[in-house]
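First comes the structure, then the notes that go with it.
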Amino acid sequence: MSVRKPTVLLLVPIYRAGEWAMPLAEAGIESYVHGRDTYALDSIDYVLSFRPPPGFLKTLPNLKVVFSLGAGVDGFLADPEYPKHIPLVRFVDNSLSTEMAQYVLLHVLMVHRSQRALDAAQKDVRWVQTMLPRRTEDTRVGILGLGEIGAVSARLLVELGFSVSGWSRTPKTMAGVKSFAGKDALAGFLGQCDILVCLLPLTPDTRGILNARTFAMLPKGAFVINAARGGHVVEADVIPAIESGQLSGAALDVLETEPLPPSSPLWRHPKVTVTPHIAAISELGPSVRMVVDGIRRHVRGEPLVNVVDLTRGY
Ligand code: NDP
Ligand code: OXD
């Protein structure tokens, strides 16, 4: 008697879907690509996705576990009909965290070492030796979100000598990092950030957290780096805050609408750096390992790892 193989639906962009089929087949897992293959809804045990079409997951009667291709799971929680009894496993990976920390470090160093001003001086053929970087410990970097990625970023910045603080829901003990926790600590945290980095999950509590009111709580001339989700920033508030001098600039890897529409003034503002949501990309190998390991655990009846708390939203 043949035993039915566990079956995964790949609900991912079709141009990438082909990548997973072979390594999953090698692990004894059947896969279908949504939008390309014909499959019966009741044949699907597992789903891998980033942003499934709202209302779709609830139509799979035998769904057992959902795997998120990304660390952020807002794309699933945006579905008001997400079947809440189905566990959602998110992608947690060292190389993803390291790449994110690199993005943070790149933009922190651009600010700390006045690189934009030096680039402008070069364009004007000016030899300017007066823009010396300040002492590293005098640059205060604050990280919103001290989770998997925030913690790796904080450690890297501490190692390089920056003054680092972090804001999270619960207090943290991390060498060299000043911990601020909870809503009541937010204003105090923001008041001491020369560079503010957002690495929060997007939840109802954190949506729009970077806005004119919170920018005004930062020291004048602070710089904002958002590598989390576009929904964290009230985009209409960014350029006015820069024009008033409250912010010295912003680096935005994620935007409310992606791709950022060509008409957005953020594209062309000289003090705004826009990157196309590429701070870190989930790699094939680790994402296959997450799915294979999760399915094996589920089949053996073992606890899953990196399960999202659906009521908390991350
Ligand atoms: P984690 O879930 O590991 O960490 C989240 C952190 O945010 C925790 O420290 C948590 O606090 C804190 N937090 C959550 N809600 C609140 C709140 N209401 N008030 C204060 N603190 C809060 O997430 P990751 O580090 O793995 O990922 C962070 C985000 O990075 C993802 O959600 C995703 O949006 C983004 N991302 C972007 C990528 C890109 O390419 N641009 C790539 C990968 C991720 P506590 O620890 O107390 O629970
Ligand atoms: C993620 C992302 O959440 O790529 O992992 O944005």
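Every read-out reported here was derived from the displayed coordinates using simple, explicitly stated rules and does not represent laboratory data. Just so it is clear, the structure is predicted and the values come from calculations on it, not from any experiment. For neighbour counting, all protein chains shown are included, and Cβ atoms are generated from backbone atoms with ideal geometry for every residue, glycine included.
With an 8 Å Cα cut-off and a minimum separation of 6 or more residues, compute the relative contact order for the range 206-310 in percent. Each step should come with its number before you reach the end.
Numbers: 120 pairs, mean separation 23.0, N = 105.
Averaging sequence separation for qualifying contacts and normalising by length gives 22 percent for the range 206-310.
May I ask you to evaluate 6.51 cos²θ - 1.76 cosθ + 1.60, the Karplus curve with θ = phi - 60°, for each residue of the range 103-119 and list the ³J(HN,Hα) values in order in whole Hz, giving x for glycine and proline?
Residue by residue, the range 103-119 yields 4, 4, 4, 3, 6, 4, 5, 4, 6, 4, 9, 6, 5, 5, 5, 5, 4 Hz.
Any chance you could tell me what percent of the C-alpha pair distances in the range 1-125 go past 25 Å? All intermediate terms of the calculation are to be shown ahead of the outcome.
Details: 3204 of 7750 pairs.
Tail fraction, whole percent: 41.
Which one of 182, 294, 221 has the biggest mean-square fluctuation once the chain is modelled by GNM with Cα springs under 10 Å?
Greatest mean-square fluctuation among the candidates belongs to 182.
For the chain, modelled as a Gaussian network with Cα springs under 10 Å, which listed residue fluctuates most, 17, 187, 120?
Answer for the Gaussian network model of the chain: 120.
Among 53, 63, 24, which residue has its Cα furthest toward the positive end of the charge dipole of the range 1-115, with +1 on Lys/Arg Cβ and -1 on Asp/Glu Cβ?
Of the candidates, 53 comes out farthest on the positive side.
Could you work out the relative contact order of the chain? I mean the mean sequence separation of Cα pairs under 8 Å and 6+ apart, divided by the number of residues, in percent.
Working: 562 pairs, mean separation 47.2, N = 314.
Answer for the chain is 15 percent.
Who wins for biggest fluctuation among 109, 144, 247 in a Gaussian network model of the chain, springs between alpha carbons below 10 Å?
Checking each option, the largest mean-square fluctuation is seen for 109.
Extent of the range 156-314 along each principal axis, from alpha carbon coordinates, in Å, largest to smallest?
If we take the Cα atoms of the range 156-314, the spans are 59, 40, 33 Å.
May I ask you to evaluate 6.51 cos²θ - 1.76 cosθ + 1.60, the Karplus curve with θ = phi - 60°, for each residue of the range 90-98 and list the ³J(HN,Hα) values in order in whole Hz, giving x for glycine and proline?
9, 7, 10, 8, 4, 6, 5, 5, 5
Scan the range 125-172 for chymotrypsin sites (Phe, Trp or Tyr not before Pro) in coil per DSSP, keeping those whose Cβ has at most 13 other Cβ atoms within 10 Å, and list them by number. Present the calculation step by step, with values, prior to reporting the outcome.
Working: sites: 127, 162, 167; in loops: 127, 162.
Qualifying residues, ordered by number: 127.
Name the shape class, rounded, prolate or oblate, that the alpha-carbon gyration tensor gives for the range 1-54, where a ≥ b ≥ c are the square roots of its eigenvalues, rounded holds for a/c under 1.5, and otherwise prolate holds if a/b is larger than b/c and oblate otherwise.
Since a/c reaches 1.5 but b/c is at least a/b, the shape of the range 1-54 is classed as oblate.
Give the residue list of trypsin sites (Lys or Arg not before Pro) in the range 259-302 that are DSSP loop and have at most 13 other beta-carbon atoms within 10 angstrom. Kindly include the intermediate steps, with their values, before the conclusion.
On the way: sites: 268, 271, 289, 296, 297, 300; in loops: 268, 271.
For trypsin sites (Lys or Arg not before Pro) across the range 259-302 that sit outside H, G, I, E and B with at most 13 neighbouring Cβ atoms in 10 Å, the list reads 268.
For the range 129-198, would you read off the P(r) tail past 13 Å as a percentage of all alpha carbon pairs?
Numbers: 1454 of 2415 pairs.
Roughly 60 percent, rounded to a whole number.
Among the trypsin sites (Lys or Arg not before Pro) in the range 34-89, which ones are in a DSSP loop with at most 11 other Cβ atoms within 10 Å of the Cβ? Mind listing them? Walk me through the numbers on the way to the answer.
Values: sites: 36, 58, 64, 84; in loops: 36, 64, 84.
Taking the range 34-89 and a limit of 11 other Cβ atoms within 10 Å, the loop trypsin sites (Lys or Arg not before Pro) found are 36, 84.
Pull out a ≥ b ≥ c, the square roots of the eigenvalues of the alpha-carbon gyration tensor of the chain, then state rounded if a/c is under 1.5, prolate if not and a/b is larger than b/c, and oblate in the remaining case.
prolate
If the only charges are +1 at each Lys and Arg Cβ and -1 at each Asp and Glu Cβ, what is the size of the charge dipole of the chain around the Cα centre, to the nearest 20 debye?
Details: 32 positive and 30 negative charges, 99 e Å.
About 480 debye.
Using a Cα distance threshold of under 30 Å, what count of lysine pairs results for the range 1-149 when pairs must be 8 or more residues apart or interchain?
Details: 5/58; 5/64; 5/84; 58/84; 64/84.
Close lysine pairs under the 30 Å cut-off: 5.
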